[in-house]
Each structure stands twice: as C-alpha cells, then as structure tokens.
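Bear in mind that the values in this text are calculations on the coordinates, not laboratory data. Quick caveat, the model's predicted, so the values are computed rather than measured. Don't worry about glycine lacking a Cβ; one is built from the backbone with ideal geometry, like all the others, and counts go over all protein chains shown.
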Amino acid sequence: MAHGSPELTLYNTLTRAKEAFAPIDANNVRIYVCGPTVYDYAHIGNARPAIVFDVLYRLLRHLHGADRVTYVRNITDVDDKINARALRDFGGDIDAGRLSLNEAIRKVTEPTYDQYQKDVAALGCLEPTFQPRATEFVLPRADGKDDMVGMIQSLIERGHAYEAKGESGREILFDTTSMADYGQLSKRNLDEQQAGARVAVEAHKKHPADFVLWKESSADEPGWDATFRVDDADVAIRGRPGWHIECSAMSAAYLGEVFDIHGGGLDLIFPHHENEIAQSRCAHGSAVMANYWMHNGFLQVEGRKMSKSEGNFVTIHDLLHTEKFGGRRWPGEVLRLAMLMTHYREPIDFSVKRLEEAANTLNRWRRWIEHSGDGSTLVTEDALEALSDDLNTPRLLNFMAEYSSDAAGVWVNTEYHNHKLVNYDERRRVGAAALRGALELLGFAHKAEADEKPILSAISQRLALIREKNWAEADKIRDELLAQGIQLKDGKDPETGERVTTWEVKR
Ligand SMILES: [Zn+2]
C-alpha cells in the first residue's frame, strides 16, 4: 500500500462486520463479481453492482497500483432461455453440424453482450481484467484452466456430490450434508431448510437443500456431452450445468482457489453465493473461497419494486438513449452520480428527482473546475479516507460540496476565513484541484460528455450576454435552443446565490 494511505475497511457479509482489508498478495489483489445474464438488455438494477464494484476497483488500483489488481466479472450465457432461443433459431445448423452449441449460443447472445459493454462503458466503468463467458468453461479446456465438469468430478471424488434420477432426467447433485458448515454466508442451517421443502418434486434428493451441479437434457433440449466417473463406472450425461458452478469454475480459473473479494447484489447471497462457497471449498478442500464478501443493496424505481408487470422496468439503454424516463435522455455520468449518492449497502430509490439533482450537481461542479484554479489535481486525505471507509460515497460527496464552495470562492465558515487570513485565490485553486481529484477517484471525467457540450457552451454564452445586459442576443440563444427542443430554466445556485441556468428536453 502506498505510503500514507488510509486503512481500507470493508463490510464483510461473511462476518457481518466491517473489517480491515488485507490482501493475500498485495502485488495481485483479486476480485470476482457476478456479471449479467446476456439474454435481455440490462436494467438499471444491473447498473448498481457494475458501478459500485467499479468504484472499488478504481480505489484498489489507486491504493495498490493500477497493474496490481485483477478484476473478473463473468458473462452468464448458459441459461435455459438462451439455450431455448439458440435451438429455435439455429437448431437446424446444430443438427447439421454447421454450428456447435457454443457457436449458436454466441450468435444469440452477441447483440446483448455488445449492448451491455456499451451500457457499462457509458456509465464510466472500466473494463474488468477478464470477462469470461460460462459456455467456454463448461467442458475441460485445452489450456487446462479450471472448468465446470472437472470441478463436478472433484466434488464426486471427494464425496460431496452424488448422481440421482430426478423427474426430468439424471442429475449430479451437491450433497449439502457432506459439508459441516454449509449455510455460513446466509446464516441458514440445514434443519431450518428441511421444513419448507417440496417433498414430492425433490424425492430424489438426499436433503431438500441439495442443489443441481449437472442436469440431463432431453432430446429436444441443447446439452453438452460430459462423462463423469461415479463408483468406478463412466456415467455419460448429455446435459447442462447448474447456475452456481460457473462462478466457482471461472473464479478458480482466473483468481485461484482462494482469493480476496467476491461481490454481487444482496439477492445473490442465497442460494447463489452460498452454493458457490460450498462447491469451491469442497472441491478444493479450502477453508474459504474468498476472504471478503461484499453485497450491494436493492434498487427501487420511484418507490416501487421494478418489474415488467408494474410497467416500471427501466433499462440502462432506455435511460441513456430514449426519453422514456422523465422526458429526457440522461448522460451516463448522471446515472453514475445518482447511484453513488446513496451508500452501496443501503436500498436506493431511483427517481427522476434524484437524476435531476445529480445532473445539477455535476453541472455546478464542472462550472467551478472550469473557471477556477490551474487545472491541477489533488486527491485529499479526506476524500481517500471517506472512500476507504467501506466506500462511503455520500461522505465523499459532502466533501466535494465543500470543495465546490471553495472553488466558487464562497466559504461557509467565514470566521475561519477571517482568522486564518487564507489567500482567496489559493483557496479557490485548492478547492478546484480537490474537486478534480475526487471526480477522478470516483470515475468521472473532468469535462462534460460530448453531447452536452454544445448546450452548456450556449448556456454560458447566454449568461455572459445577460451580464452585459444584451437581452436581445441572450433571448436569441434561448429561442434557438428551444427550436432544438432544449428548454432552459433560470434559477439561483443554492451555494452562491449566483444566477444559474439548467436545461431539459422539452416534453
Ligand atoms: Zn456468481
């Protein structure tokens, strides 16, 4: 860790406590985050872990060095809905041997995959070091990296998995009773889970909590040809993996058997992460899978749970490129700031009001860093400390409001100003530099996004004309923007009382 850096503490779901972060290898800090299923456009709820763990990735790079952090976010392209579509659209090609199953799946998922990459790039997220696709890790690989079938075989050999005949075919199941401390992450024990089990459907399971590692496909379902060695006999099952095993295999493939941080949404704690832990620890014989488990909170839209049936299902693409939400398009950086205004573990209410607040805050900050200081950048101890305190972004944003006042030359605490006799220009310079540094730390560019630039420059031109009392020219600019569908709103800056203008797309 760089000299003088504050201690990084992270809330660990495994221990339900904030802990000092100590990487296994400070030269290679390793994080795994569960990525998207590439079937539909990603919704705004999917944007939250992408942004939160991007902030963590950037902080770790700042603290340890940009080339000393490995960040893996998987792509889930093994999914029954994807399989069904691959078969519907390319079944003939698969049967005729023109396409492999993986190639057909790739054709189905490619547009969604590309869209996801564009979406998260627009949100200001860095590309992870590796983005492995599940389909590439089902069967043993030429490069010898960990794979799902190989891992299931290890679980069978170590006495943690068994074969059974379920309603729709043969299955390899994880034997939860074979693991002494199953349920540690979600704090559920096996006795509790017995009570609510649906016995009829699950009769083939030794315990109702046992979960699928491999599932046989019927003749009209796509599958991969796998052979397992069970009780000294070869068992060939054409089938597909359960959901959890992909993350166990891909994290081991890129990060090793035990790594530093595993992240994802709160909804993944059970069963997904619990079962990842069970598989990885039992296959490797290790005491932990990852040392720190981090989970972001839930997201609502305008106070309601987001769902397709509620009609409030908002995709990242809609927000960026359409006027469906709040009657205007929202730049990615506005979505990013709106997300970071709430601490990552708290529930968040995503609303038009929140986005407007974020847009206005960014405009204000940009104005001061463009008009104050010498363009230099300063990462303050306060900023670094706030972020190192379990990613306390709201606290950091409070500091940024102070830096913004400094950059604007408006001290909240005039007494301080009088007593210390601070140099006015110096304080504006430092405020602007600190604001730039904090924006960078959080993954924001110093300048506004391109499509906003012409509007912002027209606004500042108009404000200059108003100061000169050139009303006719000022009105001309306002009318020209209006003709393009851009409505200006004049108001006062709450910090400085100065006249400011914001804009929105006219409905
Ligand atoms: Zn996962």
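Brief remarks follow.
- In order along the stretch 66-78, the Karplus-derived 3J(HN,Hα) couplings, from 6.51 cos²θ - 1.76 cosθ + 1.60 at θ = phi - 60°, round to 4, 9, 10, 10, 10, 10, 10, 10, 7, 10, 7, 10, 9 Hz, and Gly and Pro are given as x.
- Taking a straight Cα-Cα cut-off under 20 Å and skipping sequence neighbours fewer than 8 places away in the same chain, the lysines within cross-link reach of LYS81 are LYS107, LYS215, LYS308.
- Interatomic Cα distance distribution for the stretch 299-448, bins of 5 angstrom, percent: 2, 9, 17, 19, 17, 13, 10, 6, 3, 2, 1, 0, 0
- With a Förster radius of 60 Å applied to the beta-carbon distance between GLU473 and PHE270, the computed FRET efficiency rounds to 0.45.
- Report summary: the helix-based calculation at 222 nm, which adds -39500 (n - 2.57) for every DSSP H run with n ≥ 4 and divides by the residues of the chain, gives -13000 deg cm²/dmol.
- Sorted ascending by nearby beta carbons within 10 Å, beginning with the fewest, TRP224, TRP214 become TRP224, TRP214.
- Relative compactness, the stretch 450-507, computed as alpha-carbon Rg over 2.2 N^0.38 Å: 1.10
- Label point distance in nm, ARG98-ARG345, each placed 7 Å from Cα along Cα→Cβ: 5.5
- Packing-based ranking of 244-251, 24-31, 119-126 yields 244-251, 119-126, 24-31, ordered from highest to lowest mean Cβ neighbour count within 10 Å.
- For the chain, the direction-averaged projected area of the alpha-carbon convex hull comes to 28.5 nm².
- Stretching GLU370 away from SER218 to a fully extended chain increases their span by 48.4 nm, per 0.36 nm per residue minus the current alpha-carbon distance.
- Label point at LYS81 placed 7 Å out along Cα→Cβ; residues across the stretch 307-322 whose backbone nitrogen lies under 12 Å: 308-309
- Segment SER457-ARG188, extension gain: residue separation times 0.36 nm, minus the distance between their alpha carbons: 91.1 nm
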